[in-house]
Amino acid sequence: MSFKGLLPYYFPMMKGYALKIFVFSLLFLFSCSKEVKKAPSEPLALFQRGLLLFNEGKFTEAKEVFSRFISYFPEEKELVARAELKMADCAFMKKEYPEAIERYSEFKKRYPFHPDIPYVEFQIGMSYFKQIPSKERDQENTRKALEAFEEVVRKYPDTLFAERARDKIGFCKKRLAEHEIYIGKYYLKKGKYQAALSRFEEALSLKGSGKEEEALFLLAYTAQKSGDKEGFEEYLKLLRENFPQSRFLGQLVSK
């Protein structure tokens, strides 16, 4: 006989609606008692469980385990810090870059002298870098990535993270220069020469972008189109001096 079937036998005076309420109350309490999870007694075991899930690529599950670890063992200061960092890594690996930026930034504020800070600052840059759009779109994430990578190089010049950051800096500068040239060409077509010159100058200022030659050509070309002979001669001279084999020289001289 089931538990529910035995109740009328033990409580013969309880009938109808009252009996139903009593039964459902007992069943609810019984089900809740099964759902209560006992807190783990070994902090290291739980932390290692999170690491295992992370290494298996199960980032959602790993993040949940690290969150539980922080709740259960706040007194484990060193491991709590590592768990917070791994939660940021989980967000990054799941391509949840805004959350990753927020978590890395919070870690940086909370543990400014932690030995993993160079890594954290590099990862902030990478979280912006992963959101860099095409040259036609707004480049706010590109600028923030560049700023973060330059900070890593400045503060930690002899680290592996600085070496990696230098590689990313080149790409960021190239994309920013491409964006400025793209907008500048739009203004050039519209006959807005001053606005175009301003954009091409900005592209030229991004040293190491690989777009300096094209920027100089466009500056000379725009100056020529606008009737600024002095400006044209100045930009042409710079193009000749810095890129004597430039394919653009013939186009300018022939005009």
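Only the coordinates and a few stated rules stand behind these numbers; no lab work does. All figures in this text were calculated on a predicted structure; none of them were measured in a lab. FYI the Cβ positions are ideal-geometry reconstructions off the backbone, even for glycines, and counts take in every protein chain you see.
Quick notes on this structure:
- Taking every C-alpha pair closer than 8 Å and separated by at least 6 residues, the mean separation divided by the residue count of segment 39-94 gives a relative contact order of 35 percent.
- Among His114, His179, the ranking by other beta carbons within 10 Å of each residue's beta carbon, starting with the fewest, stands as His114, His179.
- Cβ-based exposure ranking for Phe66, Phe161, Phe171, in which fewest neighbours within 10 Å come first: Phe171, Phe161, Phe66
- Paramagnetic reach from Asp138 (point 7 Å along Cα→Cβ, amide N under 19 Å) across segment 149-179: 175-179
- Restricting segment 106-177 to trypsin sites (Lys or Arg not before Pro) that sit in a DSSP loop and have at most 12 other Cβ atoms within 10 Å of their own Cβ leaves Arg137.
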